[in-house]
Amino acid sequence: MKDIALKDVRTFALMGHTGSGKTSLVDAILFKLGLNDRLGSVDNGSSAADYTDEEKERKISIFAKPFEGIYEGTNRRVEFTFVDTPGYFDFYGQVASAAKAVATGIIVIDASSGIQVGTRRAMNCAVRKGLSKGIVITGLDKDNVNFEKTVAEIKEAFGELCVPVVVPSGDGVIDVLASDSDEVADYKSALVELAAETDDTLIEKYFAGEPLTPEEIAAGLHESIAEGHFVPIFAASGKTDTGIDEFLEGIIRLFPCPSEVVHLDVEGNEIPPQKDKPFVGFVWRSVNDPFVGQLSFVRVLAGTLTPDSEVYNSVKGVKEKVGNIMVMNGKKQTVVQKACAGDIIAIPKLKTTGVNDTLCAVGTDVKCPPIEFPEPVMFQAVWAKTQADEDKIGVALQRVIEDDPTLSVEHTTETHEVILKGLGDVHIDVAVNLMKRRSKVEVDLTTPKVPYREAVRGLGQGHHKHKKQSGGHGQYGEVYLKVEPLLEGDEEWFVNAIVGGVIPGNYIPAVEKGVLEGKNSGALSGYPVEDVKVTLYDGTYHPVDSSEVAFKIAGAKAFSQAMAEAKPVLLEPIMQVKVTIPDHYMGDINGDLNHKRGRILGVEIADGMQVIIADVPMSELFRYAAELRSMTSGQGSFDMKFSRYDVVPSNVTQKIIAENAKNDE
């Protein structure tokens, strides 16, 4: 957007566990770039990054926010485009989105807290997205912290490829590559060796004992980062403005520019990042701005975009008119006259475009791979507080899920509830507050009803004669049927075993319809019935009074009677969960899962964490996100997916039946 060559553009996202100092680092960078005339603070609500009402009230980052500014470096002017991301797991979808918009992931670690679950999650995200990676250690101004100890912990977690390039010293920092101090000699030696390994000429020079020039070292480390063989560690403090210049200089010197990053379309073809190529942009976030309306955040991957132009949405198959193009710096919006490869821009008021859409030049058809978002783990039923809210709740829900793809809404026909699904209780609570602020809609949340099913474990006989005479044509239909479990491999659930025409063939479909209606309400507690085989084997009819309605009623009544005799059982949905926790929480979590009627299937180790795999009834998991966070002090996380329906234990069944009977009174 400025007159900056592509080689002088850097894009990165600040990622890490909540409370690690990301937002303070962003505020310090914004101050350094002249985008803020004072050093903002999360604590007093003056942060330029956490500026929304929700973030100020909770004192945590909730939304991924891009920033752009020019840095007057030691040797050149560089355009930084970077994104601040939340550390709270409930908002991990924002991290996944931001990772799609940048070339580099900077993992922020607080020295007093060390490696936490959010640290590993952020590093895993950067690895999966193929980002170049760096680490910033913050919090070194706190009491009882040790830089070397934190570095050792990082190496243990992520490998020996993590080496400091900026280290603390007294009240300041030392740039390892620019220093000949004995204090950093070991670190510098490790960096020189990493740089030499990237080039045959450099390795020969290194083994010959010849010193590498600063330019050769920087070029070698740049290549090593690109190959994933080196992760530089920086020391910096946003609150004290220490090490910020050294960090930014390191970004310039070591990390890739947009032209060095390969982006592929869904067919595996490379998207050329040059400014003179056809335009390609990927929508990584969508926001409903109270003043501008819908804003689509776009990472420009190739070409140049100008205002008042037309683009093609290749995912939706429609053309869109681009009006203004804006650069976002927090809540500040600046209209610009063009956007080029590497830029992150916001386009207002696109009619059909949303997250994961690809915009490209008219006449081309490029589709980018979509962002993979985590599945929801927290479900809440949503009820409008007033009739006025009821009229607007649908639109309000649609607006929040358009802004956040990790939220979803399900209208359940079985329980007649609207279910709001998210990644945790805080996630749901924020969505509800946004509905109130943006759409003036207030709702109540309740624990959803469990979509139980009913089945049978034995054989049951059913008979019903429907006979009604009221003058003229009456109603007559008699049905005999049996109900039994539907075995795997059975091709038909409804079997017509009538012989001799005791029920004419034209009435058989009516019996089946009656049975289908009966299956909507089982014998135990009125839940839908599944996995039953129904055999119609006898009956009678009247040549004048019989009708489809009569046989439909007889079929439903006979089925209900047969169900009651066929040893009916209640079925409940079982979810397979994967709970990721530090080792020292294993006993507590195992015990809690057993208490929830869970069945432990196995335990794995992933990225230094224990992963418990278990089958757990859905009814026990509606509040598990909050419970797990409480039990593990925020160190645990989990995901889940539907596994199957299974029989509810008899003691639990009786409680469910009694509770339903009480609610029906």
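The values are calculated or read from the model by the stated rules, or taken from the named source; none is laboratory data. The shown structure was predicted, so the numbers you read here are calculated from the model rather than taken from an experiment. Virtual Cβ from ideal backbone geometry, glycine too; neighbours counted across all protein chains shown.
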Review point. Out of the residues in region 614-656 that are touching a Pro at 6+ places or on another chain (Cβ under 9 Å) and over 30 Å from GLY118 (Cα atoms), which is surrounded by the fewest Cβ atoms within 10 Å (Cβ to Cβ)?
Key: ARG644
Exercise for review: State which residue is farthest from LEU301 (Cα to Cα) when the search covers only region 267-291 and only residues that are of a type in the set (Phe, Trp, Tyr) and part of a loop (DSSP other than H, G, I, E, B).
Suggested key: PHE291
Review point. If VAL395 passes every condition in (1) within 13 Å of ASP90 (Cβ to Cβ); (2) surrounded by fewer than 20 Cβ atoms within 10 Å (Cβ to Cβ); (3) of a type in the set (A, V, I, L, M, F, W, C) but one, which one does it miss?
Key: (1)
Exercise for review: Consider VAL318 carefully, then state whether it is farther than 25 Å from ASP8 by Cβ and modelled with pLDDT of 95 or more.
Suggested key: yes
Practice item. Please go through region 303-325 and pick out each residue that is crowded, with 19+ Cβ neighbours inside 10 Å and either without any contact (Cβ under 8 Å) to a residue 24 or more places away in the chain or in contact with a Gly (Cβ under 8 Å, 6 or more places away or on another chain) (or both). Key: LEU305, VAL311, TYR312, ILE325
Point to revise | Options VAL432, VAL426, VAL479; residue that is at pLDDT 95 or above, assigned by TED's automatic domain parsing to the domain that holds GLU390 and among the aliphatic types (A, V, I, L, M) | key: VAL432
Check your understanding: Picking from LYS578, LYS557, LYS552, LYS596, which residue would you name as being under 21 Å from GLN116 (Cα atoms) and among the basic types (Lys, Arg)?
Key -> LYS578
Point to revise | Of all residues making up region 429-466, the number that are free of Cβ contacts under 8 Å to residues at least 60 places away in the same chain and either closer than 15 Å to ILE393 by Cβ or of a type in the set (Lys, Arg) (or both) | key: 8
Practice item. Among the residues of region 360-388, count how many are touching a Gly at 6+ places or on another chain (Cβ under 6 Å) and either surrounded by fewer than 20 Cβ atoms within 10 Å (Cβ to Cβ) or modelled with pLDDT of 95 or more (or both). Key: 1
Point to revise | Number of positions in region 104-148 that are in contact with a Lys or Arg (Cβ under 6 Å, 6 or more places away or on another chain) and either within 19 Å of ILE225 (Cβ to Cβ) or part of a strand (DSSP E or B) (or both) | key: 3
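Could you tell me whether any residue of region 328-347 is in a loop (DSSP other than H, G, I, E, B) and within 20 Å of THR406 (Cβ to Cβ)?
no
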Point to revise | Matching residues, region 400-422, being among the charged types (D, E, K, R) and either closer than 20 Å to ALA98 by Cα or in a loop (DSSP other than H, G, I, E, B) (or both) | key: GLU402, ASP403, ASP404, GLU414
Review point. Does ILE225 meet the test of being hydrophobic (A, V, I, L, M, F, W, C), surrounded by 14 or more Cβ atoms within 10 Å (Cβ to Cβ), touching a residue at least 12 places away in the same chain (Cβ under 8 Å) and over 20 Å from ILE107 (Cα atoms)?
Key: no
Exercise for review: Quick one: ILE135 ticks every box in (1) outside the structural domain of LYS32 (by TED's automatic domain parsing); (2) modelled with pLDDT of 95 or more; (3) of a type in the set (Val, Ile, Thr) except a single one, so which number is it?
Suggested key: (1)
**Study point:** Test set (1) surrounded by fewer than 20 Cβ atoms within 10 Å (Cβ to Cβ); (2) acidic (Asp, Glu); (3) within 21 Å of the chain's Cα centre (by Cα) - ASP357 fails condition number
**Key:** (1)
Review point. Hey, any hits in region 63-80 for a residue that's buried (at least 24 other Cβ atoms within 10 Å of the Cβ) and more than 29 Å from ASP3 (Cβ to Cβ)?
Key: no
**Study point:** Looking only at region 12-52, and only at residues there that are farther than 27 Å from GLY636 by Cα and of a type in the set (D, E, K, R), the one that is surrounded by the fewest Cβ atoms within 10 Å (Cβ to Cβ)
**Key:** ASP37
Point to revise | Test for ASP37: is it outside any strand (DSSP E or B) and either at pLDDT below 85 or farther than 29 Å from VAL426 by Cβ (or both) | key: yes
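Just to verify a result, which residue in region 304-320, among those that are assigned to a strand (DSSP E or B) and touching an Asp or Glu at 6+ places or on another chain (Cβ under 6 Å), is farthest from TYR51 (Cα to Cα)?
LYS319
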**Study point:** Only listed residue being over 24 Å from SER61 (Cβ atoms) and not assigned by TED's automatic domain parsing to the domain that holds GLY69, chosen from ILE344, ILE271
**Key:** ILE271
Review point. Considering only helices (runs of 4 or more DSSP H) fully contained in region 561-665, which possess at least 1 residues that are within 25 Å of PHE89 (Cα to Cα)?
Key: 586-595, 624-631
Practice item. Just give me the residues in region 614-665 being among the basic types (Lys, Arg) and either under 30 Å from HIS584 (Cα atoms) or at pLDDT 90 or above (or both), in sequence order. Key: ARG623, ARG629, LYS641, ARG644, LYS655
**Study point:** Filtered residue count, region 433-473, keeping only those that are closer than 18 Å to THR653 by Cα and either over 46 Å from the mean Cα position of the chain (by Cα) or surrounded by 14 or more Cβ atoms within 10 Å (Cβ to Cβ) (or both)
**Key:** 9
Exercise for review: Would you please name the residue that is nearest to GLN274 (Cα to Cα), looking only at residues in region 360-389 that are of a type in the set (Val, Ile, Thr) and within 13 Å of the chain's Cα centre (by Cα)?
Suggested key: ILE371
Point to revise | Hits in region 423-478 - residues which are among the small types (Gly, Ala, Ser) and in a loop (DSSP other than H, G, I, E, B) | key: GLY424, GLY458, SER470, GLY471, GLY472, GLY474
Check your understanding: Given the conditions (1) in contact with a Phe, Trp or Tyr (Cβ under 9 Å, 6 or more places away or on another chain); (2) within 23 Å of GLU414 (Cα to Cα), and given that PHE494 satisfies all but one, which numbered condition is not satisfied?
Key -> (1)
Review point. Can you name every residue in region 527-555 that is touching a residue at least 12 places away in the same chain (Cβ under 8 Å), out of contact with any helix residue (DSSP H, G or I) (no Cβ under 7 Å at 6 or more places or on another chain) and over 16 Å from ALA566 (Cβ atoms)?
Key: ASP538, GLY539, THR540, HIS542, VAL544, ASP545, SER547, VAL549, ALA550
Study note, to complete from the structure: Checking GLY87, GLY93 in turn, the sole residue that is part of a loop (DSSP other than H, G, I, E, B), outside the structural domain of ASP425 (by TED's automatic domain parsing) and within 14 Å of the chain's Cα centre (by Cα) turns out to be GLY87
Review point. Within region 481-491, can one find any residue that is buried (at least 16 other Cβ atoms within 10 Å of the Cβ) and more than 46 Å from the chain's Cα centre (by Cα)?
Key: yes
